[in-house]
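Notes follow once the structure below has been shown.
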Amino acid sequence: MEERLKESFINLKNRIWKTYKSRINSAERLEKNNNFVAFLSIYYSAVLAAVSILNYVNKNSNMDVCNIVLSVMVTILFLYFDGRNFKERYINMKKNYNELNLLYYKVESDIEINNINQEHFEELTQKYTDLLGNVENHSKKDYIKYALNDKEIQIGCIDKVMYYLGEIGVFLLKGFVFMIPTTFLAISFIELFL
């Protein structure tokens, strides 16, 4: 019986570790998204101001329409991103993974000093369950990123391909979002010298 209980403690410790590492990946992803949105906000605003000035100098009514489209796009884009609350979610996820880390070391310590009994196991399991419910769950992508670096976890080929395709897709989308205002700025500069 005691051996089964010890195995349950070890399984709990492993589950906590996997969740902890996945939540770190989730927090990092949310922080990167927050930083990218902050950069885009500044970049789009600066480009929009530059395009407006160039259009004023050029007296180009065709580019005025583009300027309006860009302004509306910027407004919609940042209303959407603001609603995603990347910074707040990142802070909550970071707090959660730090608490999971403390729980992990508590369980590990209990195993080492043989502080193993059913009541204590139930308390630790409840604490883990409570921590899971404190924030949104990490995504499958966050878990796969962790699992790719853990030699003990077998990830299916389809999951690996989908993960890497998703990473490529995010990279291309960010590049596209970055290129839209750059294109308007380039057109305005070309119009200036024609």
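The values are calculated or read from the model by the stated rules, or taken from the named source; none is laboratory data. Keep in mind that this is a model prediction, so the values were computed, not measured. Reconstructed Cβ throughout: ideal geometry from the backbone, glycine too, with neighbour counts over all protein chains shown. These accessible areas exclude ligands, DNA and RNA; they are computed on the full protein's heavy atoms, side chains included. Shrake-Rupley method; radii C 1.70, N 1.55, O 1.52, S 1.80 Å.
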Failed criterion for residue 123 (all others in (1) open to solvent by less than 70 Å² (accessible area, probe 1.4 Å); (2) out of contact with any Leu (no Cβ under 6 Å at 6 or more places or on another chain) hold): (1)
Test: residue in segment 116-123 that is at pLDDT 90 or above, farther than 30 Å from residue 7 by Cβ and either under 17 Å from the mean Cα position of the chain (by Cα) or not small (Gly, Ala, Ser) (or both): no
Any pair with Cβ under 7 angstrom, 6 or more apart, that starts in segment 84-103 at a residue that is of a type in the set (A, V, I, L, M) and ends at one that is part of a loop (DSSP other than H, G, I, E, B): 93/135
Residue within segment 152-174 that is surrounded by 11 or more Cβ atoms within 10 Å (Cβ to Cβ) and touching a Ser or Thr at 6+ places or on another chain (Cβ under 9 Å) present: no
